[in-house]
Amino acid sequence: MSDATTQNTMQNGPLRHFLQFRDFSRAEIEYVLGRAKLIKDKFKRYQPHHTLHDRTLAMVFEKASTRTRVSFEAGMYQLGGSVIHLTTTDSQLGRSEPIEDTARVVSRMVDLVMIRTFEQTRIERFAAHSRVPVINGLTNEYHPCQILADIFTFIELRGAIQGKTVAWIGDANNMAYTWLQAAELLGFTLHVSAPKGYQLNGKLTGQVASSVLREFDDPMQATRGAHLVTTDVWTSMGFEDENEDRRRAFADWCVDAEMMAVADPDAIFMHCLPAHRGEEVSSDVIDGPQSVVWDEAENRLHVQKALMEFLLLGQLPSE
Ligand code: CP
Ligand code: NVA
């Protein structure tokens, strides 16, 4: 029997991972979002919610983080569990221990693993040899926990996202590909505008219906009428060598007040953070009244608590 099919005795139900957004069905995403609301409401009322008492989360960071680390670590403690924090440099991963061996060992000692790494294939290899659920805390290809938080934030502030339009302005990166998966699953439209050479790769997206994805050369056209305008750094982690080329290529892809003015009058602005004011977004937009970036960041905590609970306990009856 392979490691992946070996059932962890501490877990109810089949082994599940959250490596990309479409690993969950629409109903499962909706359950997690609903549960996140309950967990957030209890958190705001200082009501204990210790559903993962005595469970342990291992976090493996092969790239830097502020929000992902703090939200997973605080979240697991708030659920009654504990956390182990590993990085490439302070573990044997930095001395070329195979990721498969790391997965075999770590997953015998903890209940849940969150990994931030480079290629998606690396987290897939870990998951294939893990006895416990694995969560993608960002790879080069996807950032599903962030999009879960972004969708939670949209629904919290504006209601259902189905039928709405999200404008992605800038690099077709891990965030953009995850937005696309979410649009397909949840039934909203994604407008994408990126400079030539940095657009979505059709080999990775496959055939996508025009009701789900529309691509634009002009970022103003992509933003027109959008209910949510969102962007990200021009250079993602791992691509720093391309920084100067990207600065030149992306110069016209700054979300500024002029761009926000053509969006829906009730539009909100999101950014997963960290942000570079004056590059992908102007200060008056990210620090202005349409920006919801601090709610968006906070909601990482609440949705990931719901996600960890779901992966370990399955669907729980409503309280
Ligand atoms: N948005 C996000 O994932 O932030 P960190 O890189 O700080 O974790
Ligand atoms: N696209 C960015 C997101 C950072 C949270 C990166 O991968 O660096």
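Just name the residue that is surrounded by the most Cβ atoms within 10 Å (Cβ to Cβ) out of those in region 229-256 that are under 19 Å from residue 294 (Cα atoms) and more than 16 Å from ligand 1 (Cβ to nearest atom).
229
Tell me, please, whether a residue that is of a type in the set (A, V, I, L, M, F, W, C) and closer than 27 Å to residue 63 by Cβ can be found in region 257-267. So that I can check it myself, show each step before the final result.
If we filter region 257-267 for residues that are of a type in the set (A, V, I, L, M, F, W, C), which is where we start, we get 257, 259-263, 267.
Now narrow it down to the ones that are closer than 27 Å to residue 63 by Cβ: none.
So far as region 257-267 goes, no, none of its residues is of a type in the set (A, V, I, L, M, F, W, C) and closer than 27 Å to residue 63 by Cβ.
Does region 208-215 contain any residue that is touching a residue at least 60 places away in the same chain (Cβ under 8 Å) and either more than 23 Å from the chain's Cα centre (by Cα) or in a helix (DSSP H, G or I) (or both)?
no
Only residues in region 230-249 that are in a helix (DSSP H, G or I) count as the first member; pair them with residues that are within 12 Å of ligand 2 (Cβ to nearest atom), Cβ under 6 angstrom, at least 6 apart or cross-chain, and list the lot.
Matching pairs, first to second residue: 243/235; 246/234; 246/235.
Yes/no matrix, rows are residues, columns are (1) in contact with a strand residue (DSSP E or B) (Cβ under 8 Å, 6 or more places away or on another chain); (2) over 22 Å from residue 33 (Cβ atoms):
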{"site": "251", "(1), (2)": "no, yes"}
{"site": "269", "(1), (2)": "yes, no"}
{"site": "281", "(1), (2)": "yes, yes"}
{"site": "286", "(1), (2)": "yes, yes"}
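Looking only at region 107-125, how many residues end up being surrounded by fewer than 24 Cβ atoms within 10 Å (Cβ to Cβ) and not basic (Lys, Arg)?
The number of residues fulfilling the criteria is 9.
Give me the pairs: first residue in region 67-79 and within 21 Å of residue 47 (Cβ to Cβ), second residue within 13 Å of ligand 2 (Cβ to nearest atom), beta-carbon distance under 6 Å, and six or more apart or on different chains, which are they?
Here the result reads 71/300, each pair linking region 67-79 to a residue that is within 13 Å of ligand 2 (Cβ to nearest atom).
Output the residue which, of all residues in region 7-38 that are at pLDDT below 95 and buried (at least 16 other Cβ atoms within 10 Å of the Cβ), is farthest from the chain's Cα centre (by Cα).
Ranking the candidates gives 8 first.
Six or more apart or on different chains, Cβ under 9 Å: which pairs go from a residue in region 106-125 that's farther than 20 Å from residue 73 by Cα to one that's within 16 Å of ligand 1 (Cβ to nearest atom) and among the basic types (Lys, Arg)? Could you list them?
118/63
Restricting to region 266-300, give me the number of residues that are closer than 22 Å to residue 161 by Cβ, surrounded by fewer than 15 Cβ atoms within 10 Å (Cβ to Cβ) and either of a type in the set (S, T, N, Q) or within 14 Å of ligand 1 (Cβ to nearest atom) (or both).
Residues meeting the conditions: 1.
Can you find a residue in region 127-146 that is aliphatic (A, V, I, L, M), surrounded by fewer than 22 Cβ atoms within 10 Å (Cβ to Cβ) and under 30 Å from residue 222 (Cα atoms)?
The answer is no; no qualifying residue exists.
The values are calculated or read from the model by the stated rules, or taken from the named source; none is laboratory data. Computed from a prediction, not measured in an experiment: that's the story for all the values here. Here the Cβ is made from the backbone with ideal geometry for all residues, glycine too, and neighbour counts use every protein chain on show.
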